[in-house]
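Readers should treat all values here as calculations from the given coordinates under stated rules, not as data from a laboratory. In this text, all values refer to a predicted model and were calculated from it rather than measured experimentally.
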Amino acid sequence: MVRFSSHLPPATPLATACASTSRSRRRLQAAGACALALVLAATASANGTRESKAAFFQDTDPAWSPQGGWIAFARYSSGEGSAICLIRPDGTHFRRVTPFGTSLSSPSWAPDGRRLAFSDARGHVFVLNLSTRRIRKVTSSWDATDLDWSPGGKRIAFEDHTNSADEARPQIVVIRPDGSDARVVANPGFGQYTDPTWSPDGKRLAFGAFEEDPQEATYLGVIDSFGGRVRVLLPKLLSYPDWSPDGTRVVASGIVVIDLRRKLETKLAAGYHPRWSPDGKRIVFAHDPDGDSREDPKLFVMNADGSAVRPLTG
């Protein structure tokens, strides 16, 4: 474990930005990188210096803290790379918790709210302790993205591209937070399993599924947390799914909410990578306000019924 004590950048009162969700872009940004030098951002006052106005920002991968007080996300800055950042749900107290230049993505909170897991462009997984300002690389054996920390805190699931050619055959892997006891819990063979999300009780994992053999099929798959037969949760492919805190609904890119009991789908907004608030009353998501091309995204927050949409980092 390494204690990082370099100069810490000041906090910023309000993010003025936008985000990229392309995995290929994140990986290209860090191609050739040899080391990861991480520095925690200071928890300075909200009146600190703003990010450079000359920079072009893109924000994506939002993740609500378990207590609901913070939203973590990945910020891409032109010419600098990307970093993990935090912001309050009302858009105040923006701060970076890593420097730019390391191409970090997919932040996911531990249930205690004191740690964040994330990956870099080489697919290595790191855990940041927000209290001690320490960062541990827990595994470099996988090509991980789209991390999700289990509700019980004992496992981290992710989409793995270790054995994938051109990212075409991702599988679902589960590890302990220290990187041990890694298990491939869902291997698609000639298909794709992506974007894992834990059920609220931590007993199941849902994910987007595309099967090529024996015939093409797309659906939202579900498995027990440690493997077993893949079952169809919904007969529709959904990207970036997230289980509601009460377990009755799934929100996914679209932005659509599916009632799992009645199999009803409700379109709420344009955007992608939605995440429920811990109380299930709000949803944070990424969206390009100039279109849904994902070229210039920023973060938005709305009520769970689609009302009161407002920019978070715009």
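Worth pointing out:
- Whole-Å distance, taken between Cα centres, linking the range 92-108 and the range 187-239: 29
- Under 23 Å of direct C-alpha separation, and excluding same-chain neighbours fewer than eight residues apart, Lys263 reaches these lysines: Lys203, Lys236, Lys281.
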